[in-house]
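*Asks:* Here you go, one structure.
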Amino acid sequence: MPCFLRDESNINLARYGISNLAKFKMLYRVGLKNRYGSSMQVISGIHYNFSFSLNFWKLLLSSQDERNRLEKVSDGYFRIIRNYYKFGWVIPYLFGASPCILRSFIKEDIFSMKCGKEDTYYLPYATSLRLSDIGYTGKCQNKIEIEINGLQDYIRSIKKALNKPHPKFVNLGLKDKLGKPLQLNTNVLQIEDELYSTIRPKRSIVPGESYIDSILEKGIEYLEIRSLDINPFTAIGIHEKQIFFLDLFLIWCALAESPFMNTKDLYLCKNNWKEVVLHGRKPGHRILVNNISTSIKEIGNDLFDEFTKIADVLTHVFCSKKYKVVCNELRLMFDNPELTYSGKMMNLMVNDGMLKYGLDLARMYQKELKKEHFEIISDRDFEKMRKFSIRRQKEIEESDQISFERYLKNKMKQYFV
């Protein structure tokens with residue numbers, strides 16, 4: 001979560017140039033600013049992309065037909081997504097690192113938070129306020145019913161949100177009194193990227209290609225994991241052991257039973273996430289799994305029993321105990337919540353204040369990173385990329401043949417139901 005915010009008007013939006021594509025990207029972000037506020041756009045987290053090789057899917061699936069295989073691979077990824085919705089709260093429990101925020105970030109204290117040093121506000125047992133209603137989420141999206149039982153249903157539910165006007169955004173309007181654009185449209189979602197979720201099915205697309213058309217035709221290529229807070233205990237924001245854990249967890253999600261989920265199931269899953277990000281470290285705190293009230297500690301230990309079995313297999317595959325070591329270390333966090341990232345952060349931030357602690361870390365990591373040398377990409381490589389980027393931007397800008405209004409109209413056609 002951000003440190004001190006003096007004035008939202010000082011938060012600048014990204015600028016991409018003067019091409020139609022650049023104007024589209026810019027207007028989308030103008031829409032985000034007008035819909036949710038600029039402060040939300042300075043919240044940061046880690047996006048972790050994950051995929052299985054085709055060989056993995058071939059072993060797991062039996063289909064020989066190419067078209068049928070693509071559908072089955074997408075079904076396999078939705079199998080992971082459903083288990084992620086059900087048990088993915090384990091990620092903010094272990095690695096959530098935003099139990100505190102500064103007063104300048106709070107528009108309304110909806111959680112009756114406690115106040116520590118330097119206007120540091122917190123919930124005593126929170127794990128990730130970034131994933132709560134005061135973090136990087138869209139309250140206007142709470143009633144969107146996203147279906148996660150298959151790709152066709154998922155895209156259909158996304159398109160519904162892309163075509164449904166929202167009263168708040170209709171009232172905002174498309175342009176201000178001076179005719180300046182305020183948002184791409186007045187619907188619940190301007191584009192599919194606006195959907196705030198902890199995991200997304202993704203596929204690489206080429207310029208000019210539609211995400212929706214591409215993923216429907218070619219299937220899911222990878223998953224984007226979006227529930228990781230930036231790790232404050234390392235200079236690069238994520239630690240190797242977190243990656244090992246994500247591998248274990250996502251492999252388990254692919255192999256474990258994953259029944260279809262209805263609207264009620266999804267509501268219960270989202271409520272479990274809410275309980276964990278707000279109260280996850282509270283001793284004896286319980287959530288509903290399979291309609292049974294169970295303590296987070298008990299569920300966590302049961303899950304790690306399963307993860308350890310996978311770690312045993314990977315130990316033989318890679319001739320390394322790294323996965324097992326990570327399992328043994330992280331399991332302890334369910335017996336002692338103070339070992340979690342949020343537990344450690346809470347003690348440090350409440351005692352020192354969030355602003356001082358954040359600045360101390362920034363100075364320390366700045367010194368640490370300045371001592372490092374480029375190992376893979378050189379200064380010369382960066383200079384080549386800079387020149388290529390400028391040249392490519394100019395080519396894109398010179399290739400535009402239609403007005404931005406026409407471009408926008410054509411772009412929006414892909415979302416029509």
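*Asks:* Limited to region 192-205, what total is found for residues that are modelled with pLDDT under 95 and of a type in the set (A, V, I, L, M, F, W, C)?
*Replies:* Number of matching residues: 2.
Condition check ((1) more than 23 Å from the chain's Cα centre (by Cα); (2) among the hydroxyl-bearing types (Ser, Thr, Tyr)) across all residues:
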{"position": "Lys270", "(1), (2)": "no, no"}
{"position": "Asn291", "(1), (2)": "yes, no"}
{"position": "Leu303", "(1), (2)": "no, no"}
{"position": "Phe307", "(1), (2)": "no, no"}
{"position": "Leu314", "(1), (2)": "yes, no"}
{"position": "Ser320", "(1), (2)": "yes, yes"}
{"position": "Tyr323", "(1), (2)": "yes, yes"}
{"position": "Lys344", "(1), (2)": "no, no"}
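*Asks:* Given the criterion in a loop (DSSP other than H, G, I, E, B) and not polar (S, T, N, Q), identify the matching residue among Glu209, Glu224.
*Replies:* Glu209
*Asks:* Hey, another quick one. Within region 62-70, can one find any residue that is touching a Ser or Thr at 6+ places or on another chain (Cβ under 6 Å), without any contact (Cβ under 8 Å) to a residue 24 or more places away in the chain and outside the structural domain of Gly150 (by TED's automatic domain parsing)?
*Replies:* yes
*Asks:* Follow-up question, since we're still on this one. If I ask for residues that are closer than 21 Å to Ile91 by Cβ and acidic (Asp, Glu), which ones from region 204-239 would you list?
*Replies:* Glu224, Asp229
*Asks:* Provide a single number: the residues in region 348-383 that are of a type outside the set (A, V, I, L, M, F, W, C) and surrounded by 12 or more Cβ atoms within 10 Å (Cβ to Cβ). Break it down stepwise before answering.
*Replies:* First, pick out the residues of region 348-383 that are of a type outside the set (A, V, I, L, M, F, W, C): 351-353, 356-358, 360, 363, 365-368, 370-373, 375, 378-381, 383.
Adding the requirement that they be surrounded by 12 or more Cβ atoms within 10 Å (Cβ to Cβ) leaves 351-353, 356-358, 360, 365, 368.
Going through region 348-383 one residue at a time, the tally reaches 9.
Residue-by-condition table, conditions (1) without any contact (Cβ under 8 Å) to a residue 60 or more places away in the chain; (2) over 30 Å from Gln242 (Cα atoms); (3) of a type outside the set (Val, Ile, Thr):
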residue: Lys23; (1), (2), (3): no, yes, yes
residue: Leu27; (1), (2), (3): no, yes, yes
residue: Tyr48; (1), (2), (3): no, no, yes
residue: Ile106; (1), (2), (3): yes, no, no
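*Asks:* Moving to a separate point now. Can you go through Asp109, Asp153 and tell me which one is surrounded by fewer than 17 Cβ atoms within 10 Å (Cβ to Cβ) and either hydroxyl-bearing (Ser, Thr, Tyr) or modelled with pLDDT of 95 or more (or both)? Don't jump to the end; show me each part of the working.
*Replies:* Numbers: Asp109 fails: either hydroxyl-bearing (Ser, Thr, Tyr) or modelled with pLDDT of 95 or more (or both).
So the residue among Asp109, Asp153 that is surrounded by fewer than 17 Cβ atoms within 10 Å (Cβ to Cβ) and either hydroxyl-bearing (Ser, Thr, Tyr) or modelled with pLDDT of 95 or more (or both) is Asp153.
The values are calculated or read from the model by the stated rules, or taken from the named source; none is laboratory data. Here the structure is a predicted model, which means the values were calculated and not measured. Note that each Cβ is placed from the backbone with ideal geometry, even for glycine, and that neighbours are counted across all protein chains shown.
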